[in-house]
Structures are given as C-alpha cells and as structure tokens.
C-alpha cells in the first residue's frame, strides 16, 4: 500500500508525538512561511518517504493548506499519471519520461503559481528575482517552489540524480513559459506606452532624465525603449530565452513557439538539437543502453 491517507501505518505515525515534534521543528526552520506562495504555513509536507518515521529536516517542507493539497495532487498518479509508469510498458526510457512530464507538469505548476502570486508583470518578475543579497541566483524562488510541489512525485521510482534531473527539466520548462509571458508584457503592455511617453517627454519637453528617474531605469535602457520598434527588447532577453530554450532542446523538448526575440534561424537550430536528442534517447520504446563503439 502506498504511503498517505488511508494507510494505517501512515495514519498512526502522522498523529504521533514524534511526528508533531519533527513537523514543528520544520515549521520553525521555515519561519512558518509557505515555501511555495509565501503565505502563512500551517502544514508540513513530505518531500520523500525514503526515511519515513526517521525524517531529516531536508525530507520535509512547510506549506500552507492550499499548496499542500496541490503538492499531494501532483504526487497522486490517479490525478496526474506518472510518466515513468506510462513509458515503462514499452520499455524503460527515462529521457522520454522526463520530456513527457516537463511538458505536461510545467504548465500546471506555472498556472498554479500565477493563481497564488498573480499573472501581471510584477508577479512574473518576482518569480525571476534572486533571493540572495548579491542578486546572482536568478529563478531561485521558482525552483524552490517547484521542488516543494513536485519532489515527492519522483521519490518512488527515481534515484536522487534522476530525481534532480526531473525537477530541473520541469523548472526549466516553467522558466521558458515564464519568459514567454515576460516578453509579452514587455512588448505589449509596457513597451508601447513607454515608447509614446518617452517620445512626447523627450521631443516636446526635453525631460529625458526626468522620465528615466520616474521609471527607475537608466538612460541607456530608456534609449533602447525609444529606438525599439517593438520587435525586440535589447540583448538580455534574447540571450535568456536562447539559454533556457537551449536547455529544453538538450532534453529533447522543441522550442516554445511565439518568441519574437528569436529568429527563424534560432528556431531551426533549437529544433534540430531537440530532434537529435530524441533520435539518440528515443520516444519511449526501449532501445537498450548506449555503448560507445557498438
């Protein structure tokens, strides 16, 4: 019987003093803050049952009730079938299962994070913001949320390194989805208005520096906005999209459509990489272990 509600061993332990002590310690460690949505945490969720009854603090995470229910839903194969099980009848292709789950689970998690934090530009940028003082760990907030929601999903049939690969691929595909939304907002909801404002302020009133100060951006960025015709937003966005779409392609996931900052050549090369990876790793049917020289 699978661990969880209805399992008498699980039920006895989850109502024991030993569990309460471990759960309270995890809540204290997390400051009683939900590690997915940032709200008040009321529950403690198992990330793995590998050490059930003797959990280390890293086996647990503090969540609010809503996020706990979502994490359990993502774990439950009756609600979200496990790709590993779906692939195994035809073989045992981990790469195929990883691709399948990244494509199917990532949009579900992203939509949930938008429900929790909002889908506007500021909310999307909060997902992207680093949480360390020096500002170097981009997407760390999003990756922590993915880990809290999805880690237990793979604890049953993935060893640790493959579990990390699964979570990393899902996180990366969510980043690609998030970048699509960020590009959309930059281009359609921000850039057009800023362009008109900058043109008026600069050409009529000559308040270039005042506009930049009001917007909280540098004169260089303002200049980019003024010159931009809406087809791109400087090199940084394009480089980020290429990087994360490239990571998708390395897992055999074709590039997401609709990025205006990617050229036809970009799409062709990313698609070719994804197709090559699939040709080597397969699509689910067992191909055996790859051995050099054979």
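When the range 100-136 is filtered for residues that are at pLDDT below 85 and exposed (fewer than 13 other Cβ atoms within 10 Å of the Cβ), the ones remaining, listed by number, are 122, 125, 131, 132, 133, 134, 135, 136. Scoring residue 82 on the criteria (1) at pLDDT below 90; (2) over 30 Å from residue 252 (Cα atoms) leaves a single failure, condition (2). Would you pick out the residues in the range 134-161 that are more than 17 Å from the chain's Cα centre (by Cα) and part of a helix (DSSP H, G or I)? Once the filter is applied, which keeps residues that are more than 17 Å from the chain's Cα centre (by Cα) and part of a helix (DSSP H, G or I), the range 134-161 yields 160, 161. For the range 10-64, taking the residues that are touching a residue at least 60 places away in the same chain (Cβ under 8 Å) and farther than 18 Å from residue 145 by Cβ, the one that is surrounded by the fewest Cβ atoms within 10 Å (Cβ to Cβ) is identified as 50. Go over the candidates 59, 101, 30, 85 one by one and state the one that is in the same structural domain as residue 144 (by TED's automatic domain parsing) and farther than 17 Å from residue 170 by Cα. None of the other options fit; the residue is 85. What number of residues within the range 27-61 satisfy the criterion of being touching a strand residue (DSSP E or B) at 6+ places or on another chain (Cβ under 6 Å), closer than 23 Å to residue 164 by Cα and assigned to a strand (DSSP E or B)? So the answer is 4.
The values are calculated or read from the model by the stated rules, or taken from the named source; none is laboratory data. Bear in mind the structure is a predicted one, so any value in this text is a computation, not a measurement. Reconstructed Cβ throughout: ideal geometry from the backbone, glycine too, with neighbour counts over all protein chains shown.
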